[in-house]
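Colleague: Before I ask anything, let me first share the structure, which is written out below as structure tokens.
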Amino acid sequence: MSVFEQLSVVIGAGLSGLHAAWRLQEAGHAVMLVEARQRAGGRVLSVPTSDGAEHRLDLGPSWYWPEINPLMSAWVQRLGLTSYPQHTEGASLLEGPDGAVRRLGHSWEQQPRSMRIAGGMGALVGGIQSLLTQVQWLPGTLVEALQLRPEGGVDLHLRQGERRWVQHAARVISSLPPRLLAELSAEPAWPPATAQGWRRTPTWMAGQAKFVAVYEQAFWREAGLSGAAGSHRGPMVEIHDASDGAGQHAALFGFLGVPPSYRQGVGEVDLRQQSLAQLARLFGPQAETPLWSAVQDWAQEPFTADALDHRPLSQHPVYSAPNVPAEWRGRLWLAGTEFAPQSGGFLEGALEAAEQVAADLLRGS
Ligand SMILES: Cc1cc2nc3c(=O)[nH]c(=O)nc-3n(C[C@H](O)[C@H](O)[C@H](O)COP(=O)(O)OP(=O)(O)OC[C@H]3O[C@@H](n4cnc5c(N)ncnc54)[C@H](O)[C@@H]3O)c2cc1C
């Protein structure tokens, strides 16, 4: 039997793809992990606040909820990561449409309590990646098309820069958001109803953008503020403290409430200025001069968002288990958080969907 007749190729090295690759590696499978970006993590992205700093700022997800996220909790424990609660002590603020700021006497408690990970969510990605010692890792490699082989297995059409080649595999596990999967060229083609269903499935948070600002000190804490704020004026609609667990590396982050078309129109420099001016209205003039600040616009990331994701969502979508087209069954498995019926959209959902794929695949169904 050739090596290709055994090979499982996982497409996408977000949390779901990493977990699927790990589960198959642990079951003794030959695994290749193909990722379009130069880095693993997908929507998980944690960046250093300064050269050599251990603290990482989360530009994607920041929180998990141990009470309802058993698979996330298991990884935190398995990797020996430290988690700490989101800082909420102190008063929160509410900014009206006219810019008037009201100080709310109470802290903005989240229920269940949101937990963060020391080193950012990226510590989870790095930790899982370090365990994939037997997995062939192909960063910067785009899957352009999938083709069923008449003699069995799948051909993946891959591209690395200008270089294109075909990779044979026994089976493929996709962890792509359904909207990106729908646009992937396939032979036989995805049935129109299936592709329609995938296009109708929003990629969670793909239309969102975050603003982060790093400071010398958490001056808002000294003023009795938690760093949490809501705003009807914007550009940020929801703001939180993003400092590390010890409160030493001080930072704030906010979700930008202005739509992707506006963000693209005004550009990053303007958005930064508007966001810093808002932080100054809320937390005082010190907020206007951070050590470092950044905008991360997920709607402009082609390996996350589709044009359909630029439409705002009014609520959390209902996600369901995948319906793999009949001709592809046994050759293609679908992971990714948008295929998780219980925790779809969340980090836990990314693990849930991958866990289901691994269980089905290893059972031989
Ligand atoms: C701003 C923001 C805040 C969030 N906050 C939270 C939070 O606090 N808590 C929470 O639980 N969840 C949160 N989420 C959601 C969470 O990030 C996702 O549920 C999770 O990261 C999804 O993981 P995934 O592996 O399913 O998908 P992804 O991370 O999207 O992984 C898909 C991977 O496929 C790759 N890819 C795409 N196309 C191709 C191709 N053609 N060929 C090869 N590779 C390809 C991508 O580069 C990517 O690495 C947030 C998301 C965002 C954007």
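This table checks each residue for (1) closer than 24 Å to His87 by Cβ; (2) in contact with a strand residue (DSSP E or B) (Cβ under 8 Å, 6 or more places away or on another chain); (3) hydroxyl-bearing (Ser, Thr, Tyr); (4) part of a strand (DSSP E or B).
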{"residue": "Gly197", "(1), (2), (3), (4)": "no, no, no, no"}
{"residue": "Pro202", "(1), (2), (3), (4)": "no, no, no, no"}
{"residue": "Gly254", "(1), (2), (3), (4)": "yes, yes, no, yes"}
{"residue": "Ser261", "(1), (2), (3), (4)": "no, no, yes, no"}
{"residue": "Gly265", "(1), (2), (3), (4)": "no, no, no, no"}
{"residue": "Val269", "(1), (2), (3), (4)": "no, no, no, no"}
{"residue": "Ala280", "(1), (2), (3), (4)": "yes, no, no, no"}
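Colleague: If you check Arg164 against the conditions, is it more than 10 Å from the ligand (Cβ to nearest atom), at pLDDT 95 or above and part of a strand (DSSP E or B)? Write out each step before concluding.
Modeller: On the way: more than 10 Å from the ligand (Cβ to nearest atom): yes; at pLDDT 95 or above: yes; part of a strand (DSSP E or B): yes.
Yes: the conditions hold for Arg164.
Here is a yes/no grid of residues against (1) under 30 Å from Ala100 (Cβ atoms); (2) aliphatic (A, V, I, L, M):
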site	(1), (2)
Asp155	no, no
Leu158	no, yes
Leu181	no, yes
Ala193	no, yes
Arg200	no, no
Thr203	no, no
Ala206	no, yes
Ala209	yes, yes
Val212	yes, yes
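Colleague: Name every residue in region 40-53 that is near the ligand (Cβ under 8 Å from one of its atoms) and either part of a strand (DSSP E or B) or of a type in the set (D, E, K, R) (or both), in order of residue number.
Modeller: Initial filter on region 40-53 (near the ligand (Cβ under 8 Å from one of its atoms)): 40-44.
Residues satisfying the conditions are Gly41, Arg43.
Colleague: If you scan region 59-102, which residues turn out to be more than 16 Å from the ligand (Cβ to nearest atom), crowded, with 17+ Cβ neighbours inside 10 Å and of a type in the set (S, T, N, Q)?
Modeller: Within region 59-102, just Ser92 meets the criteria.
Colleague: Here are the criteria: (1) surrounded by 17 or more Cβ atoms within 10 Å (Cβ to Cβ); (2) within 14 Å of the ligand (Cβ to nearest atom). Tell me which single one Leu361 does not satisfy.
Modeller: (2)
Colleague: Which of the residues belonging to region 314-358 are within 12 Å of the ligand (Cβ to nearest atom), touching a residue at least 40 places away in the same chain (Cβ under 8 Å) and of a type in the set (A, V, I, L, M, F, W, C)?
Modeller: Leu334, Ala335, Phe339, Phe346, Leu347, Ala350, Leu351, Ala353, Ala354, Val357, listed by residue number.
The values are calculated or read from the model by the stated rules, or taken from the named source; none is laboratory data. Fair warning: this is a prediction, and the values are worked out from it, not measured in the lab. Using ideal geometry, Cβ is built from the backbone for each residue, glycine included, and neighbour counts are taken over all protein chains shown.
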